[in-house]
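Undergrad: First, the structure itself, so that you have it in front of you.
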Amino acid sequence: MSVTTRTEDGVAVVTLDRPHRHNALDLATADALRTLWRTLRLDDGVRAIVLTGAGDRAFCTGLDRDAVVPQPSSPYSVDDPLLDVGPKSQDLWKPVVGAVNGMACGGAFYLLTECDFLIADENATFFDPHTTYGMVNAYEAIALTLRMPPGEAARLALMGSAERIGARRAYETGLVSEVVPPGRTVEAAVRAATVIAGSPTTAVQGTVRALWTAKLAARQQAFAQADALISLGSAAPGDQAELFARRAGEYRVR
């Protein structure tokens, strides 16, 4: 199984279970996540969720480099296979706590930025290689500006794979709310989620929705521009046709 789930005391622990691929998301795993979020949305026995990655090397390294996604031939349309892989994108308004171990990079931010808060172990690192590989960092960068100071989001997005943000720096910038010793992230996240799950469900979910309402309008407006920025900005002047032809056959993040 690429995604596993266990539930206890109203808390579902969702684990990305592809440690041999650093928990990268292939298309089957992305589909499994979408289905799981919709299932948990309807499960009244689940009142809070913890999201983590199997093993200690990586939380998630984004889209699997071997994933191939057919693309429309039009330069005005780019299909991003991870755009709706997060819980909020699937209309799940139950609280989600991210437990980050090891690397979190690239498309992992589709998941991290749709968690309500993050707990990371001391060895966790965050980076996004898009610009290093000549690709526009759009969706991830937009979401990050709503989670941390814009200057810090800009540094993370623009430095590419040349710089990794450690857990302590992520805590200082507000991306992470707590740093714990290695191997203790799930324990700490479950502890927090259990407290949340013990409060009245309608109050909790209403609060989650209120918090997201504060940023959804800005997020949606910015996301509306992302396709064009990715299509036009990922090619040198005059090379757009080649880029579109390449994207028509496959989509690779790294």
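The values are calculated or read from the model by the stated rules, or taken from the named source; none is laboratory data. Please read these numbers as outputs of a predicted model, since none were measured by experiment. Note that each Cβ is placed from the backbone with ideal geometry, even for glycine, and that neighbours are counted across all protein chains shown.
Undergrad: If ASN23 passes every condition in (1) in contact with a Gly (Cβ under 9 Å, 6 or more places away or on another chain); (2) outside any loop (DSSP other than H, G, I, E, B); (3) closer than 16 Å to ALA99 by Cα but one, which one does it miss?
TA: (2)
Undergrad: May I ask you to list the residues in region 38-52 that are part of a helix (DSSP H, G or I) and in contact (Cβ under 8 Å) with a residue 24 or more places away in the chain?
TA: ARG38, LEU40, ARG41
Undergrad: Can you name the residue in region 93-118 that is on the phi < 0 side of the Ramachandran plot and over 14 Å from the mean Cα position of the chain (by Cα) and is also surrounded by the fewest Cβ atoms within 10 Å (Cβ to Cβ) among such residues?
TA: Filtering region 93-118 for residues that are on the phi < 0 side of the Ramachandran plot and over 14 Å from the mean Cα position of the chain (by Cα), the one surrounded by the fewest Cβ atoms within 10 Å (Cβ to Cβ) comes out as TRP93.
Undergrad: Would you point out the residue of region 129-140, among those that are in contact (Cβ under 8 Å) with a residue 60 or more places away in the chain and either touching a Gly at 6+ places or on another chain (Cβ under 7 Å) or assigned to a helix (DSSP H, G or I) (or both), that is surrounded by the most Cβ atoms within 10 Å (Cβ to Cβ)?
TA: By that ranking, first place goes to HIS130.
Undergrad: Would you kindly identify the helices (runs of 4 or more DSSP H) lying entirely within region 148-254 that contain at least 1 residues that are modelled with pLDDT of 95 or more, over 30 Å from ALA58 (Cβ atoms) and small (Gly, Ala, Ser)?
TA: Of the helices (runs of 4 or more DSSP H) lying wholly inside region 148-254, those with at least 1 residues that are modelled with pLDDT of 95 or more, over 30 Å from ALA58 (Cβ atoms) and small (Gly, Ala, Ser) span 201-233.
Undergrad: Pairs, please: C-beta under 6 Å, at least 6 apart or cross-chain, first residue closer than 18 Å to ALA157 by Cβ and free of Cβ contacts under 8 Å to residues at least 60 places away in the same chain and in region 104-128, second charged (D, E, K, R) and surrounded by fewer than 22 Cβ atoms within 10 Å (Cβ to Cβ)?
TA: Every condition considered, the pairs that remain are THR113/ARG147; GLU114/LYS88; THR125/ARG164; PHE127/ARG164.
Undergrad: Considering VAL46, VAL78, VAL68, which residue is more than 21 Å from ALA188 (Cα to Cα) and in contact with a Ser or Thr (Cβ under 9 Å, 6 or more places away or on another chain)?
TA: VAL78
Undergrad: So for region 121-129 (the condition being among the polar types (S, T, N, Q) and either in contact with a Lys or Arg (Cβ under 7 Å, 6 or more places away or on another chain) or within 16 Å of GLY98 (Cβ to Cβ) (or both)), does at least one residue qualify?
TA: Yes: one or more hits.
Undergrad: Another question about this same structure. Filter region 119-145 down to the residues that are among the acidic types (Asp, Glu) and within 25 Å of ALA218 (Cα to Cα) and list them by number.
TA: Answer for region 119-145, where residues must be among the acidic types (Asp, Glu) and within 25 Å of ALA218 (Cα to Cα): ASP128, GLU140.
Undergrad: While we're looking at this one, here's another question. Please determine, by comparing only the residues of region 7-20 that are part of a strand (DSSP E or B) and not charged (D, E, K, R), which one is nearest to the chain's Cα centre (by Cα).
TA: Going through the qualifying residues, I end up with LEU16.
Undergrad: So, one more: May I ask you to list pairs of residues, at least six apart or on different chains, whose Cβ atoms are under 7 Å apart, with the first in region 180-209 being of a type in the set (D, E, K, R) and the second being surrounded by 13 or more Cβ atoms within 10 Å (Cβ to Cβ)?
TA: From residues that are of a type in the set (D, E, K, R), the pairs are ARG184/ASP121; ARG209/TRP93.
Undergrad: Any idea which of THR4, THR35 is polar (S, T, N, Q), in a helix (DSSP H, G or I) and closer than 19 Å to ASP64 by Cβ?
TA: None of the other options fit; the residue is THR35.
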